[in-house]
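A.B. asks: This structure is in structure tokens; I'll ask about it shortly.
The values are calculated or read from the model by the stated rules, or taken from the named source; none is laboratory data. From a predicted model like this one, the values you see are computed outputs, not experimental measurements. All Cβ positions, even for glycine, are placed from backbone atoms using ideal geometry, and neighbour counts span all protein chains on display. When the accessible area is computed, the model is the full protein with side chains, heavy atoms only, and any ligands, DNA or RNA have been set aside. Shrake-Rupley method; radii C 1.70, N 1.55, O 1.52, S 1.80 Å.
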Amino acid sequence: MAAMRYRDALNAALREELQRDERVFLMGEDIGVFGGAFKVTAGLLDEFGEKRVRDTPISENTIVGMGVGAAMAGLRPVVELMTINFSLLAFDQIVNHAAHIHYMFGGQVTVPLVLRMPQGAGHQLGPTHSHCLEAMFMHVPGLLVAAPGTPADAKGLLKTAIRDENPVVFIEHESLYGISGEVPEEEEALVGFGRARVAREGSDVTVVGISRMARTAERAAETLAAEHGVHAEVIDPRTLRPLDLDTVLASVASTNHCVIVEEGWPHGGVGANLAALISEQAFDDLDAPVQRVSGADAPMPYSKPLEDAAYPHEAQVVQAALAVLGQSQGPPAGPGGGS
Amino acid sequence: MPTLPAPEVAREWLATMMLIRRFEERAGEMYARAKIGGFLHLSIGEEATIVGSARALRESDYLISTYRSHGHALVRGTPPESVMAELFGRVDGCSHGRGGSMHMFDGSRRFMGGYGIVGGNLPIAAGLALACDYKGSDDLTLCTFGDGASNQGTFGETLNLAALWQLPVLFMVINNQFGMGTALRRHSAVTDLQRKGESLGVPGMRCDGMDVLDTHGVVCEAIRRVREDRRPLLIEAVTYRFRGHSMADPEQYRSREEVERWQARDPIPAFGNKLVAEGALDESELAQLDAQASARVDEAVAFAESSPFPKPESLYDNVYVLDQDVPGWYSLHTTDQDHIPSRDQEASQAGEIPRQMSDAVRLGEEAS
Ligand SMILES: Cc1ncc(C[n+]2csc(CCOP(=O)(O)OP(=O)(O)O)c2C)c(N)n1
């Protein structure tokens with residue numbers, strides 16, 4: 001194990017996979033000479049050269065589409081989109097093409113493509129640069145969706161994504177790039193898809209948090225234990241497709257209470273979907289309705305106090321957990337409120 | 001004026017154009033008889049652009065086209081049986097009934113697909129070309145699309161990138177004069193389409209898309225340059241679609257006379273007559289080739305009729321490349337129990353919950 005920042009863990013995963021497999025190459029806007037808008041690809045151009053690390057023009061739909069074509073012809077492209085909001089310009093290639101080609105052509109061809117993109121609010125970038133859009137990608141059959149919440153998962157999941165035969169939307173978080181964590185040093189320390197991480201064990205309430213919200217949930221769990229004597233089990237699904245529902249259901253079966261925390265919009269969001277699955281599959285295990293804590297159902301505002309109010313923080317998670325346990329009055333305040 | 005190829009080569013070109021024509025005429029009939037669903041876009045009138053260009057390719061080169069692509073599959077050698085079966089939505093179709101008319105595919109013959117999104121195939125073509133370069137092969141990609149597609153963002157983006165990265169891709173705009181019902185001069189500020197790539201660093205050429213010889217000659221020259229220089233080129237093939245955009249098209253945007261003027265230049269009789277005039281064929285051989293094409297289409301229809309529909313249980317096949325070692329739910333629905341660990345549990349609970357609920361309702365009724 002070594003302490004590593006999330007950004008450097010991603011960089012290490014890319015470096016190792018570039019070394020390991022000749023077919024792997026990177027494409028994206030300013031990933032080479034500039035080193036990446038968030039410096040994830042820093043140093044890779046010097047190490048691997050322009051064939052493997054390609055600066056592209058600002059043409060999102062076409063960069064993704066070229067990745068699709070190159071993947072169909074046997075390469076393993078890793079395309080970086082500067083932020084998740086810009087992926088919207090490439091939705092045609094992501095949804096109509098990358099996700100559907102294997103199916104649409106009767107299984108004759110695969111699209112082993114990785115699309116890396118960071119998301120998240122907190123930097124006052126306003127409504128075109130700050131959203132969390134996991135739910136949009138999770139919605140699409142044919143795509144796999146990973147959203148690592150720790151440096152170790154960032155590295156292990158990215159390596160798995162690059163080796164997978166399916167198109168993978170790999171969602172990083174802008175606010176996590178600088179955080180440090182223990183990362184296994186062995187090259188083959190992959191993190192498999194479809195395996196949730198139980199970040200903290202507990203018996204009173206299950207708190208599911210994704211991407212950055214896994215951390216927020218962990219901090220909330222500490223407060224719940226220290227100040228309220230409530231033991232929360234914190235689960236980070238890590239991949240939204242495939243989804244490790246078993247781990248969530250097993251936890252709910254023992255805690256009988258569940259809170260889902262996400263930074264994205266609530267309407268049709270990750271939590272909405274997961275709450276539906278839990279109620280379909282574990283209705284009898286629940287002692288109270290599943291609570292959701294989410295981003296505000298509004299575009300992300302610029303002004304700092306508004307931005308802060310528009311995505312969940314520890315306090316809302318604590319409140320939601322207490323509410324679901326019947327230990328506080330009324331639904332929790334703040335973005336997303338109760339479910 | 002390009003010279004005629006060897007007689008057997010010329011005969012094969014003519015036979016292939018005839019096959020595409022007869023195939024599509026029959027497809028139109030089958031559509032009217034509801035054997036074929038969805039959209040059906042015919043390339044009748046445009047056969048010379050298909051055969052003239054594809055015959056300039058090597059087998060290892062990639063071809064990628066649009067939703068108007070029955071002919072592109074046929075020209076690459078995909079059996080008419082599997083193209084017709086795809087139209088019929090049958091399991092033996094070249095996309096196993098998942099794609100339909102707009103989404104033909106034959107990877108084994110390097111026909112990399114028909115695509116239903118106007119302009120969607122251009123970036124993919126550049127990606128295929130990138131892969132050729134990356135692997136150090138001198139294969140190239142021929143990418144066809146319509147005049148209407150030249151207005152899409154992907155046109156500008158892809159031509160720029162292909163020129164910038166010196167990718168071996170030949171873009172071929174099939175100028176059939178319309179994007180659906182919108183005439184070229186009503187949809188494109190630049191109507192001289194061969195010049196539309198100039199500002200993006202992609203020089204253009206033009207061919208007579210009603211003449212298979214001219215098309216072949218120009219495409220051969222373009223391919224030579226693309227292969228040697230590793231630079232993209234744009235070819236405009238000037239042609240005309242004789243039928244409606246798709247089957248539901250009252251064609252109010254053009255006159256009968258205009259259609260007839262172009263039909264007088266029908267590429268199939270034009271080439272057939274030329275071969276007769278040059279002594280490469282006689283009239284009876286001409287009729288025989290045509291009869292062979294029709295007979296082949298009969299077989300294709302019979303095959304498609306007898307091919308089964310895909311089984312309902314196969315609905316979820318190939319949504320993902322499944323990995324035995326990956327647990328968790330790829331899809332909420334699947335017909336393959338093995339890959340979805342929660343599934344057994346879900347199946348039992350799915351039956352269980354409604355049963356419990358109906359029990360509760362019944363008990364409630366009994367109690368009251
Ligand atoms: C992105 C997108 N927009 C609109 C359509 C609907 N549409 C299908 S074909 C077509 C016309 C395209 O014309 P052109 O590119 O000239 O090709 P042609 O049909 O003449 O072969 C349109 C608008 C579509 N399939 N995809």
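A.B. asks: Somewhere in region A:113-133, is a residue open to solvent by less than 10 Å² (accessible area, probe 1.4 Å), within 23 Å of A:L158 (Cβ to Cβ) and either within 13 Å of chain B (Cβ to nearest Cβ) or over 16 Å from the mean Cα position of the chain (by Cα) (or both)?
C.D. replies: Yes, there is a match, as at least one residue in region A:113-133 is open to solvent by less than 10 Å² (accessible area, probe 1.4 Å), within 23 Å of A:L158 (Cβ to Cβ) and either within 13 Å of chain B (Cβ to nearest Cβ) or over 16 Å from the mean Cα position of the chain (by Cα) (or both).
Let's see how each residue does on (1) small (G, A, S); (2) exposed (fewer than 15 other Cβ atoms within 10 Å of the Cβ); (3) within 16 Å of the ligand (Cβ to nearest atom):
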| residue | (1), (2), (3) |
| --- | --- |
| B:Q177 | no, no, yes |
| B:A189 | yes, yes, yes |
| B:G197 | yes, no, yes |
| B:D214 | no, no, no |
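A.B. asks: Moving on. Does region B:88-115 hold any residues that are more than 20 Å from B:A54 (Cβ to Cβ) and buried (at least 21 other Cβ atoms within 10 Å of the Cβ), and which are they?
C.D. replies: Of the residues in region B:88-115, the ones more than 20 Å from B:A54 (Cβ to Cβ) are B:88-93, B:96-98, B:100.
Listed by number, the residues that qualify are B:F88, B:G89, B:R90, B:G93, B:H96, B:G97, B:R98, B:G100.
Residue by residue, here is whether (1) in contact with a helix residue (DSSP H, G or I) (Cβ under 7 Å, 6 or more places away or on another chain); (2) surrounded by fewer than 20 Cβ atoms within 10 Å (Cβ to Cβ); (3) modelled with pLDDT under 95; (4) within 14 Å of chain B (Cβ to nearest Cβ) holds:
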residue: A:L158; (1), (2), (3), (4): yes, no, no, no
residue: A:P167; (1), (2), (3), (4): yes, no, no, yes
residue: A:I171; (1), (2), (3), (4): yes, no, no, no
residue: A:E201; (1), (2), (3), (4): no, yes, no, no
residue: A:T206; (1), (2), (3), (4): yes, no, no, no
residue: A:R215; (1), (2), (3), (4): no, no, no, no
residue: A:A225; (1), (2), (3), (4): no, yes, no, no
residue: A:V230; (1), (2), (3), (4): yes, no, no, no
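A.B. asks: Please find, within region B:226-241, the residue that is farthest from the other protein chains (Cβ to nearest Cβ) out of those that are part of a loop (DSSP other than H, G, I, E, B) and away from the ligand (no atom under 15 Å from the Cβ).
C.D. replies: B:R231
A.B. asks: Those residues that are in contact with a helix residue (DSSP H, G or I) (Cβ under 8 Å, 6 or more places away or on another chain) and within 16 Å of the ligand (Cβ to nearest atom), I need them from region B:28-47; list them, please.
C.D. replies: Result: B:L40, B:L42, B:S43, B:I44, B:G45, B:E46, B:E47.
Yes/no per residue for (1) under 25 Å from A:V191 (Cβ atoms); (2) of a type outside the set (K, R):
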position	(1), (2)
A:A217	yes, yes
A:L224	no, yes
A:E233	yes, yes
A:R238	yes, no
A:D244	yes, yes
A:L249	yes, yes
A:V252	yes, yes
A:V259	yes, yes
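A.B. asks: Okay, next question. Can you tell me how many residues in region B:138-148 are within 20 Å of B:A48 (Cα to Cα) and more than 8 Å from the ligand (Cβ to nearest atom)? Don't jump to the end; show me each part of the working.
C.D. replies: Step one: filter region B:138-148 for residues within 20 Å of B:A48 (Cα to Cα), giving B:141-148.
Cutting the leftovers down to more than 8 Å from the ligand (Cβ to nearest atom) gives us B:141-144.
Residues in region B:138-148 being within 20 Å of B:A48 (Cα to Cα) and more than 8 Å from the ligand (Cβ to nearest atom): 4 in total.
A.B. asks: While we're here: Considering A:P301, A:P289, A:P335, which residue is part of a loop (DSSP other than H, G, I, E, B) and at pLDDT below 90? Walk me through how you get there before you give the answer.
C.D. replies: On the way: A:P301 fails: at pLDDT below 90; A:P289 fails: at pLDDT below 90.
Residue meeting the stated conditions: A:P335.
A.B. asks: Can you tell me which residues in region A:24-46 are more than 25 Å from the chain's Cα centre (by Cα) and either crowded, with 18+ Cβ neighbours inside 10 Å or within 21 Å of A:A154 (Cα to Cα) (or both)?
C.D. replies: Of everything in region A:24-46, just one residue is more than 25 Å from the chain's Cα centre (by Cα) and either crowded, with 18+ Cβ neighbours inside 10 Å or within 21 Å of A:A154 (Cα to Cα) (or both), namely A:L45.
A.B. asks: Right, here's the next one. Scan region B:124-150 and report the pairs whose first residue is over 25 Å from B:L184 (Cα atoms) and outside the structural domain of B:M112 (by TED's automatic domain parsing) and whose second residue is within 16 Å of the ligand (Cβ to nearest atom) and not in a helix (DSSP H, G or I), with Cβ atoms within less than 7 Å and a gap of 6+ or a chain change.
C.D. replies: That search, which allows pairs on different chains as well, returns nothing.
A.B. asks: I'd like the residue in region B:149-164 that is open to solvent by 20 Å² or more (accessible area, probe 1.4 Å) and touching a helix residue (DSSP H, G or I) at 6+ places or on another chain (Cβ under 7 Å) and, out of all such residues, is farthest from the ligand (Cβ to nearest atom).
C.D. replies: Narrowing region B:149-164 to residues open to solvent by 20 Å² or more (accessible area, probe 1.4 Å): B:151-153, B:156-157, B:160, B:164.
Next, only the ones that are touching a helix residue (DSSP H, G or I) at 6+ places or on another chain (Cβ under 7 Å) stay: B:151, B:153, B:156-157, B:160.
On the way: B:N151: 8, B:G153: 10, B:G156: 15, B:E157: 14, B:N160: 19 Å.
Within region B:149-164, the match that is farthest from the ligand (Cβ to nearest atom) is B:N160.
A.B. asks: Just to be sure, is B:T141 touching a helix residue (DSSP H, G or I) at 6+ places or on another chain (Cβ under 9 Å) and open to solvent by 10 Å² or more (accessible area, probe 1.4 Å)? Break it down stepwise before answering.
C.D. replies: On the way: touching a helix residue (DSSP H, G or I) at 6+ places or on another chain (Cβ under 9 Å): yes; open to solvent by 10 Å² or more (accessible area, probe 1.4 Å): no.
Here the answer is no, as B:T141 does not meet what is asked.
A.B. asks: Being surrounded by fewer than 24 Cβ atoms within 10 Å (Cβ to Cβ), more than 16 Å from the ligand (Cβ to nearest atom) and within 14 Å of another protein chain (Cβ to nearest Cβ), is that true of even one residue in region B:48-60? Even if it seems obvious, please write down each step before you answer.
C.D. replies: Filtering region B:48-60 for residues surrounded by fewer than 24 Cβ atoms within 10 Å (Cβ to Cβ) gives B:55-60.
In the following step, the residues that additionally are more than 16 Å from the ligand (Cβ to nearest atom) were identified as B:55-60.
When the remaining residues are screened for being within 14 Å of another protein chain (Cβ to nearest Cβ), the result is B:60.
Yes: region B:48-60 contains one or more residues that are surrounded by fewer than 24 Cβ atoms within 10 Å (Cβ to Cβ), more than 16 Å from the ligand (Cβ to nearest atom) and within 14 Å of another protein chain (Cβ to nearest Cβ).
A.B. asks: Of all residues in region B:103-121, which are under 15 Å from B:E86 (Cβ atoms) and either assigned to a loop (DSSP other than H, G, I, E, B) or within 14 Å of the ligand (Cβ to nearest atom) (or both)?
C.D. replies: Answer for region B:103-121, where residues must be under 15 Å from B:E86 (Cβ atoms) and either assigned to a loop (DSSP other than H, G, I, E, B) or within 14 Å of the ligand (Cβ to nearest atom) (or both): B:H103, B:M104, B:F105, B:G113, B:G114, B:Y115, B:G116.
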